[in-house]
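Okay, so here's the structure we're looking at.
The values are calculated or read from the model by the stated rules, or taken from the named source; none is laboratory data. All of these numbers come straight from a predicted model, not from anything done at the bench. Ideal geometry is used to build each Cβ from the backbone, glycine not excepted, and the neighbour counts take in all protein chains shown. Accessible surface areas use protein heavy atoms only, side chains included; no ligands, DNA or RNA. Shrake-Rupley method; radii C 1.70, N 1.55, O 1.52, S 1.80 Å.
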Amino acid sequence: MTTGVPTPTHPARPRRSRLRTFLPLGLAAWLVLEIWLLTVVAGATSGLVVLLLLLAGLVLGAVVIKRAGRRAFQNLNEALQRGEAPTGSHGGGNGLMMLGGLLLMIPGLVSDAVGLLLLIPPVQKALSRYAERTLDRKLRAAVPGTLGDAFQQARIRRPDGKVVQGEVIREEPGDAPQGPRPPLTH
């Protein structure tokens, strides 16, 4: 079915979000900073010191991730044995510890410093509170509906940004046939 309005030959491209614009730039700047800092430290000391620092970060990060994962599993197991739903009271700390361990495992001195910072309990508490406030604010600003509604809204948007309006009609097994259907047109 057509409305008489010609379809534009070059549809307007949807606007890129700020995250999609600046994330690649931020990652590139971070990588350049990490490499530059490693070369400065290697020049001031030796390549062996840099190698030992990177290996120490890898080992410490693996230990931290293993410990945080074990603690998270233990908290989940204890909550399930008590018959309660698992709560996020310690989950944020475990998640931040895992993130800190992952940053320690990534080669680089800046990521190691940020990873070590995430292992400090007051920093974990402050970041957890900030994340909870941000999530609450985003949820209050969100349009009410179910998660299924969000997926349905995501599905009906075409890649070119147009919204396809439609209605889903489900025929139940007990419904009587309604005769021939009209042909589908474009």
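Couple of notes before you dig in:
- Every residue from the stretch 14-67 that is of a type in the set (S, T, N, Q) and assigned to a helix (DSSP H, G or I): 21, 39
- Any hit, the stretch 21-38, residues being over 25 Å from residue 101 (Cβ atoms) and open to solvent by 80 Å² or more (accessible area, probe 1.4 Å): yes
- Filtering the stretch 108-120 for residues that are touching a residue at least 12 places away in the same chain (Cβ under 8 Å) and farther than 27 Å from residue 32 by Cβ leaves an empty set.
- Verdict on residue 93 being surrounded by 12 or more Cβ atoms within 10 Å (Cβ to Cβ) and modelled with pLDDT of 85 or more: no
Quick grid of which residues meet (1) within 30 Å of residue 40 (Cα to Cα); (2) modelled with pLDDT of 90 or more; (3) surrounded by 14 or more Cβ atoms within 10 Å (Cβ to Cβ):
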residue: 59; (1), (2), (3): yes, yes, no
residue: 72; (1), (2), (3): no, no, yes
residue: 75; (1), (2), (3): no, no, yes
residue: 82; (1), (2), (3): no, no, no
residue: 89; (1), (2), (3): no, no, no
residue: 112; (1), (2), (3): yes, yes, yes
residue: 131; (1), (2), (3): no, no, no
residue: 142; (1), (2), (3): no, no, no
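- Annotation: of all residues in the stretch 114-126 being touching a Leu at 6+ places or on another chain (Cβ under 6 Å) and within 22 Å of residue 26 (Cα to Cα), the one that is least open to solvent (accessible area, probe 1.4 Å) is 115.
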